[in-house]
1. Using amide H atoms built 1.01 Å from N in the peptide plane, name the residues 5+ places from Gly55, or on other chains, whose amide H lies under 5 Å from its own.
2. Could you look at the chain and say what percent of its accessible area is carbon and sulfur, using a 1.4 Å probe and all protein chains?
3. Go through segment 4-13 residue by residue and turn each phi into a ³J(HN,Hα) via Karplus (6.51, -1.76, 1.60, θ = phi - 60°); whole Hz please, and just put x for glycine and proline.
4. Which value at 222 nm does the chain reach when only helices count, each DSSP H run of 4 or more adding -39,500 (n - 2.57), with the total divided by all residues and rounded to the nearest 500 deg cm²/dmol?
5. Can you list which of the trypsin sites (Lys or Arg not before Pro) found in segment 149-188 are DSSP loop residues with at most 13 other C-beta atoms within 10 Å?
6. Rounded to the nearest whole Å², what accessible area per residue is found for the chain with the 1.4 Å probe?
7. When N is the residue count of the chain, what does its C-alpha Rg come to as a fraction of 2.2 N^0.38 Å?
8. How much accessible surface does Tyr96 have with a 1.4 Å probe, in Å² rounded to 10?
Amino acid sequence: MRGLVFTGNRQVDLREFPDPVPGPDEVVVKMRASGLCGSDLHPYRMDRAQATISGHEPCGEVAALGPGVIGAAVGDRVIIHHYSGCGHCKYCRIGYDQLCVRGHKTYGFGANGGNADFVTVPARTLVCLPDELSFDAGAAIACGTGTAYMALKKLDVSGRDTLAIYGQGPVGLSATLLGKAMGARVVAIDVTPARVEHARRLGADVIVNPSERDPVEAVRQLTQGEGAQATLDCTGNATARAQTVRSARVFGRACFVGEGGTVQLEPSPDIIHRHLTLYGSWTFSSVGLEECARFIVDRQVPLEGLITHRFRLDQAVVGFQEFDKGETGKCVFVM
Ligand SMILES: [Zn+2]
Ligand SMILES: [Zn+2]
């Protein structure tokens, strides 16, 4: 089978790997769609090669069962929760394998991932892809959209809220779509014109480009000077993170999901004296992933509108170059 490897300095290579054979309690999934995620850009840009197959947003159909598998059948349409832990500790038992006390594998980073013809994973990582959703939509849900969903759930977003979202890449755009479906008034913020325009098309009530006006002031103007009830950072950028905190009102809620980097805050004026609740949120549990897919079906969230680019695996060089420019919506490999 073919598998895509990051070979360092923005290069990728589509290589031949042995066809997979499932071990006990494992399944082989025939890949149908595999998403590109902002967190892929770190190994993509790094100056050294990876040994394993990339891709941590896998979606496909079960192709083969190993000995002892229960609860999965050949032909099942599935999203893969892209982590596996021991399966027994308290975090694994609530579906948060990425928090496993005995360590975890991440498919696509250090363990063979979904940018391939097949991927082999424990059966317990599988989440049902509802019939109403495409494989492409499932790939989006498998990391970026699921991450946005869990963050908004932590923020307890509702129709009472103005929700300010910093960053309108694949995660921020997902938060715009989901925030609208949860009833909020959404303020979508990004420095890239193509991305704020995409947010407008996906239903954002107000778009703000911080290179044109101060986003904190813009959010306050929309809220009688108070600030938003809920704010979310999907950038990982220090300035945007501080603005995320400062855009929230007294007793407001703010959440960080953008990875890496730093932030400088003044705890007294920024957090303590404003009774702010500040959340961190790292992807989702397998249960949360399933819930996100169900929400998107039941609320008829137009998730396909998120996807701007589809590539075949043999177009991966161009695919990653395009995604690396930072102006796209969701990009997916389709198999
Ligand atoms: Zn990701
Ligand atoms: Zn565990």
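1. Those qualifying (amide H under 5 Å, at least 5 residues apart or on another chain) are Gly114, Asn115.
2. 51 percent
3. 9, 10, 7, 10, x, 6, 6, 10, 10, 9
4. Values: 10 runs with 83 residues, N = 335.
-7000 deg cm²/dmol, from helical runs alone.
5. Sites meeting the loop and neighbour criteria: Arg160.
6. Heavy-atom accessible area per residue stands at 42 Å².
7. Against the compact-globule rule of thumb, the ratio is 0.98.
8. About 40 Å², rounded to the nearest 10.
The values are calculated or read from the model by the stated rules, or taken from the named source; none is laboratory data. The structure displayed is predicted, hence computed values, not measured ones. Note: ideal-geometry Cβ built from the backbone for every residue, glycine included; neighbour counts use all protein chains shown. The protein model used for the area step is the full one, side chains on, heavy atoms only, and it has no ligands, DNA or RNA in it. Shrake-Rupley method; radii C 1.70, N 1.55, O 1.52, S 1.80 Å.
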